[in-house]
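Participant: A single structure is presented below for examination.
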Protein chains: 2
Amino acid sequence: MPTLFRKVKDVKSYLKSLRSSGGNNLSVGFVPTMGYLHEGHMELIKKCKLQNDITVVSIYVNPLQFGEGEDYQKYPRDLERDLAMCQEAGVDVVFAPTDEEVYPQVPKTKIHVEGISHVLEGAFRPNHFSGVALIVLKLFNIIQPDRAYFGEKDFQQLKLIQRLVNDLSYPVEIVPVPTVRDKDGLALSSRNTYLKEQERESALSIYRSFLIAQKLFRAGNTKAQDIKEAVRDYISRHPHVKRIDYVEIVDEDFNIKEEVSEGDRVLVAVWIGDTRLIDNWRLSYEEV
Amino acid sequence: MPTLFRKVKDVKSYLKSLRSSGGNNLSVGFVPTMGYLHEGHMELIKKCKLQNDITVVSIYVNPLQFGEGEDYQKYPRDLERDLAMCQEAGVDVVFAPTDEEVYPQVPKTKIHVEGISHVLEGAFRPNHFSGVALIVLKLFNIIQPDRAYFGEKDFQQLKLIQRLVNDLSYPVEIVPVPTVRDKDGLALSSRNTYLKEQERESALSIYRSFLIAQKLFRAGNTKAQDIKEAVRDYISRHPHVKRIDYVEIVDEDFNIKEEVSEGDRVLVAVWIGDTRLIDNWRLSYEEV
């Protein structure tokens with residue numbers, strides 16, 4: 001069983017003694033999550049275990065990164081199941097703090113990255129990335145990992161964290177991990193649990209639209225406008241698609257592209273019924 | 001002579017080996033400065049040396065915390081003199097990085113603390129505290145000190161840093177150090193070097209206005225309005241006083257006060273000729 005901590009000071013002192021027992025040469029890898037773990041998280045943990053002596057997973061549904069009217073209350077939670085999965089995966093330490101531990105006082109600190117925090121996801125979820133930045137940096141300061149693992153599924157979040165870490169010279173290596181998809185292509189997400197069966201069917205249009213985008217790109221069409229329209233058109237043709245918040249193409253530095261080149265990402269946010277899904281796809285010349 | 005480093009990776013690896021040579025039990029104290037050291041800095045260093053095994057001083061005039069039209073270019077610099085003073089004071093490590101080392105790319109990260117970043121100093125110097133927050137957190141991440149020392153002279157900056165450290169759970173203890181004053185009461189500042197003789201005489205009105213404030217408070221007047229007016233009136237009566245940016249009274253949490261109690265601070269920013277000076281005073285029942 002991984003050792004479970006609920007208090008900041010306890011996990012800190014445990015990690016400190018663990019480190020010093022290894023002559024302070026043990027590397028610590030860190031996987032921050034909101035729990036309700038799935039195979040996507042397991043990929044992060046697997047990579048973390050490969051690269052580090054100690055693997056720490058945090059489980060915390062961070063209220064600050066949810067907006068008003070969002071799904072903070074109904075976000076799925078199941079600590080026992082998560083702990084069992086962590087045990088199965090060989091996680092060493094689970095840190096699952098209470099709100100009072102994380103925010104003994106309401107934070108007044110706001111952290112933004114220009115060009116990332118307020119566009120796309122950040123435009124539709126105004127305080128989301130400030131909440132993400134705060135909790136991730138805070139967890140870095142508590143765990144002090146050598147490496148931290150983030151899924152490419154939340155591509156904008158990944159770019160935010162990478163930029164924060166560079167701008168602030170955080171002594172942590174950010175390791176991106178490719179999105180894990182179900183056999184039918186649906187990107188794994190704890191929020192998939194909200195989908196009714198027929199909605200799930202419609203949600204597959206997201207992945208399939210990426211295949212169309214990829215096909216266009218491989219055929220030599222590098223106009224972002226064309227690719228985005230094809231994606232949007234394809235998805236919107238499906239039932240239960242209530243709204244498409246955005247379809248955009250950005251490069252590795254999160255610049256919005258007009259002419260697309262290999263490695264650029266198609267990013268989408270789609271409402272399937274009452275469920276908001278995000279996903280993204282790296283355009284390449286490879287066959288899918 | 002303290003060991004001088006100009007590169008991030010060099011100071012990091014030196015401190016790492018220094019720490020591990022002491023079985024990772026050596027404490028590191030950190031004094032961030034913009035150089036052109038004076039007795040105020042020496043107080044920070046003295047306290048740092050008392051409380052830590054290793055004392056690190058950084059010397060860096062951070063362009064990001066200067067606004068347009070401010071004194072970034074003419075800010076006094078004298079590394080040789082600073083190094084000699086650091087040697088005299090027994091500093092172990094001086095980190096004096098180049099701009100390219102600190103900002104290999106233009107940072108996109110903006111950090112604000114609500115209720116602190118944009119009031120008083122922050123209202124008159126709009127990007128100042130975002131620049132301060134960025135460089136201080138960055139230096140914390142590079143040096144990874146156990147304790148860091150800040151003068152109360154820059155009271156708003158001290159409150160900003162304390163709040164950031166709390167909100168972000170930085171593993172560093174912030175140690176405030178009382179303002180050092182010349183015999184005649186002028187708070188020490190590298191910017192005092194800008195003052196012509198007669199201007200310096202007028203600048204003493206700031207300290208003297210604090211004595212008036214203190215006298216009023218001790219006499220039982222707890223109306224912030226009265227105390228602020230007395231301070232403003234007294235200072236403005238002096239020659240070379242070009243403008244008073246603000247006179248305000250705040251509590252330890254930087255809330256603006258109407259009814260004053262012991263421990264509250266009078267904060268002022270005054271232009272003496274072309275020199276902008278800030279200073280503050282803790283109101284108490286003690287005789288001065």
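The values are calculated or read from the model by the stated rules, or taken from the named source; none is laboratory data. The structure displayed is predicted, hence computed values, not measured ones. Note: ideal-geometry Cβ built from the backbone for every residue, glycine included; neighbour counts use all protein chains shown.
Participant: What pairs come out if I take residues in the range B:227-254 that are more than 15 Å from residue B:156 (Cα to Cα) and pair them with residues that are of a type in the set (S, T, N, Q) and surrounded by fewer than 16 Cβ atoms within 10 Å (Cβ to Cβ) whose C-beta lies under 8 Å away, six or more apart or interchain?
Facilitator: Correct list of pairs: B:227/B:221; B:239/B:198; B:240/B:198; B:244/B:236.
Participant: Another question, then. Sort out which residues of the range B:15-45 are surrounded by fewer than 17 Cβ atoms within 10 Å (Cβ to Cβ) and not acidic (Asp, Glu), and write them in order of number.
Facilitator: Once the filter is applied, which keeps residues that are surrounded by fewer than 17 Cβ atoms within 10 Å (Cβ to Cβ) and not acidic (Asp, Glu), the range B:15-45 yields B:16, B:17, B:20, B:21, B:22, B:23, B:24, B:25, B:26, B:27, B:38.
Participant: Another one. Suppose the filter is of a type in the set (Gly, Ala, Ser), closer than 20 Å to residue A:30 by Cβ, at pLDDT 95 or above and surrounded by fewer than 19 Cβ atoms within 10 Å (Cβ to Cβ); does residue A:131 pass it?
Facilitator: No.
Participant: Follow-up. Can you tell me which residues in the range A:186-215 are aliphatic (A, V, I, L, M) and either within 18 Å of the chain's Cα centre (by Cα) or buried (at least 19 other Cβ atoms within 10 Å of the Cβ) (or both)?
Facilitator: Of everything in the range A:186-215, those that are aliphatic (A, V, I, L, M) and either within 18 Å of the chain's Cα centre (by Cα) or buried (at least 19 other Cβ atoms within 10 Å of the Cβ) (or both) turn out to be A:186, A:187, A:188, A:195, A:203, A:206, A:213.
Participant: Please work out which residue is nearest to the other protein chains (Cβ to nearest Cβ), limiting yourself to the range B:79-91 and to residues that are part of a helix (DSSP H, G or I) and surrounded by fewer than 16 Cβ atoms within 10 Å (Cβ to Cβ).
Facilitator: The qualifying residue nearest to the other protein chains (Cβ to nearest Cβ) is B:79.
Participant: Output the number of the condition that residue A:229 fails; it satisfies all remaining conditions of (1) part of a helix (DSSP H, G or I); (2) crowded, with 20+ Cβ neighbours inside 10 Å.
Facilitator: Of (1) part of a helix (DSSP H, G or I); (2) crowded, with 20+ Cβ neighbours inside 10 Å, only one is false for residue A:229: (2).
Participant: Answer yes or no as to whether residue B:57 is surrounded by 19 or more Cβ atoms within 10 Å (Cβ to Cβ), within 14 Å of chain A (Cβ to nearest Cβ), among the hydrophobic types (A, V, I, L, M, F, W, C) and under 30 Å from residue B:250 (Cβ atoms).
Facilitator: So residue B:57 does not fit the description; no.
Participant: Also, I was wondering about something else. If we keep just the residues of the range B:124-149 that are more than 15 Å from residue B:60 (Cβ to Cβ) and either free of Cβ contacts under 8 Å to residues at least 12 places away in the same chain or aromatic (Phe, Trp, Tyr) (or both), which is nearest to the other protein chains (Cβ to nearest Cβ)?
Facilitator: Applying the filter and picking the extreme gives B:129.
Participant: Please determine whether any residue of the range B:250-257 is in contact with a His (Cβ under 9 Å, 6 or more places away or on another chain) and surrounded by 19 or more Cβ atoms within 10 Å (Cβ to Cβ).
Facilitator: Looking through the range B:250-257, none of the residues is in contact with a His (Cβ under 9 Å, 6 or more places away or on another chain) and surrounded by 19 or more Cβ atoms within 10 Å (Cβ to Cβ).
Participant: So the check is Cβ under 6 Å with 6+ separation or different chains; which pairs have a first residue in the range B:212-224 that's closer than 11 Å to residue B:259 by Cα and a second one that's modelled with pLDDT of 95 or more and not in a loop (DSSP other than H, G, I, E, B)?
Facilitator: B:222/B:259; B:224/B:249
Participant: Tell me yes or no: at least one residue of the range B:38-50 is within 18 Å of residue B:136 (Cβ to Cβ), out of contact with any helix residue (DSSP H, G or I) (no Cβ under 6 Å at 6 or more places or on another chain) and among the basic types (Lys, Arg).
Facilitator: yes
Participant: Can you tell me which residues in the range B:135-181 are of a type in the set (D, E, K, R), within 16 Å of residue B:279 (Cβ to Cβ) and in contact with a Phe, Trp or Tyr (Cβ under 9 Å, 6 or more places away or on another chain)?
Facilitator: Of everything in the range B:135-181, those that are of a type in the set (D, E, K, R), within 16 Å of residue B:279 (Cβ to Cβ) and in contact with a Phe, Trp or Tyr (Cβ under 9 Å, 6 or more places away or on another chain) turn out to be B:159, B:181.
Participant: Can you tell me which residue is farthest from residue A:136 (Cα to Cα) among those in the range A:4-14 that are exposed (fewer than 15 other Cβ atoms within 10 Å of the Cβ) and out of contact with any Asp or Glu (no Cβ under 6 Å at 6 or more places or on another chain)?
Facilitator: Among those that are exposed (fewer than 15 other Cβ atoms within 10 Å of the Cβ) and out of contact with any Asp or Glu (no Cβ under 6 Å at 6 or more places or on another chain), it is A:13.
Participant: Related question: Among the candidates B:107, B:126, which residue alone is assigned to a loop (DSSP other than H, G, I, E, B) and modelled with pLDDT of 95 or more?
Facilitator: Unique residue meeting the criteria: B:107.
Participant: Additional query: Which numbered condition in (1) more than 16 Å from the chain's Cα centre (by Cα); (2) surrounded by fewer than 21 Cβ atoms within 10 Å (Cβ to Cβ); (3) more than 20 Å from residue A:132 (Cα to Cα) is the only one that residue A:69 fails?
Facilitator: It fails just one condition, (3).
Participant: Here is a list of conditions, (1) closer than 26 Å to residue B:183 by Cβ; (2) buried (at least 16 other Cβ atoms within 10 Å of the Cβ), and residue B:274 meets all of them except one; can you say which number that is?
Facilitator: If we test residue B:274 against (1) closer than 26 Å to residue B:183 by Cβ; (2) buried (at least 16 other Cβ atoms within 10 Å of the Cβ), just (2) comes out false.
Participant: Name the residue, out of A:119, A:94, A:113, that is more than 9 Å from every other protein chain (Cβ to nearest Cβ), more than 16 Å from the chain's Cα centre (by Cα), of a type in the set (A, V, I, L, M) and within 30 Å of residue A:264 (Cα to Cα).
Facilitator: Going through A:119, A:94, A:113 in turn, just one is more than 9 Å from every other protein chain (Cβ to nearest Cβ), more than 16 Å from the chain's Cα centre (by Cα), of a type in the set (A, V, I, L, M) and within 30 Å of residue A:264 (Cα to Cα): A:119.
Participant: Name the residues in the range B:167-185 that are part of a loop (DSSP other than H, G, I, E, B) and either over 30 Å from residue B:211 (Cα atoms) or at the interface with another protein chain (Cβ under 8 Å from one of its Cβ atoms) (or both), would you?
Facilitator: B:168, B:169, B:170, B:171, B:172
Participant: Filter the range A:150-166 down to residues that are among the aliphatic types (A, V, I, L, M) and in contact with a helix residue (DSSP H, G or I) (Cβ under 9 Å, 6 or more places away or on another chain) and give me whichever is nearest to the other protein chains (Cβ to nearest Cβ).
Facilitator: A:164
Participant: If you don't mind, another one. Go through the range B:1-28 residue by residue and tally those that are of a type in the set (Ser, Thr, Tyr) and within 11 Å of another protein chain (Cβ to nearest Cβ).
Facilitator: Count: 1.
Participant: Residue under question is residue A:43, and the condition is that it be in contact (Cβ under 8 Å) with a residue 60 or more places away in the chain, under 24 Å from residue A:194 (Cα atoms) and part of a helix (DSSP H, G or I); does it hold?
Facilitator: Taking the combined requirement at face value, the residue satisfies it.
Participant: A further question on this structure: Given (1) part of a helix (DSSP H, G or I); (2) under 21 Å from the mean Cα position of the chain (by Cα); (3) surrounded by fewer than 20 Cβ atoms within 10 Å (Cβ to Cβ), identify the lone condition not met by residue B:164.
Facilitator: That leaves (3) as the condition not met.
Participant: Restricting attention to the range B:186-219, which residues are closer than 25 Å to residue B:148 by Cα, in a helix (DSSP H, G or I) and not charged (D, E, K, R)?
Facilitator: B:190, B:192
Participant: Next question, about the same structure. Let me spell it out: the conditions are (1) within 14 Å of chain A (Cβ to nearest Cβ); (2) within 15 Å of residue B:41 (Cα to Cα), and residue B:106 meets all of them except one. Which number is the exception?
Facilitator: If we test residue B:106 against (1) within 14 Å of chain A (Cβ to nearest Cβ); (2) within 15 Å of residue B:41 (Cα to Cα), just (2) comes out false.
Participant: Looking at the range A:50-64, can you tell me whether even one residue there is at pLDDT below 95 and of a type outside the set (Asp, Glu)?
Facilitator: Taking every residue of the range A:50-64 in turn, none turns out to be at pLDDT below 95 and of a type outside the set (Asp, Glu).
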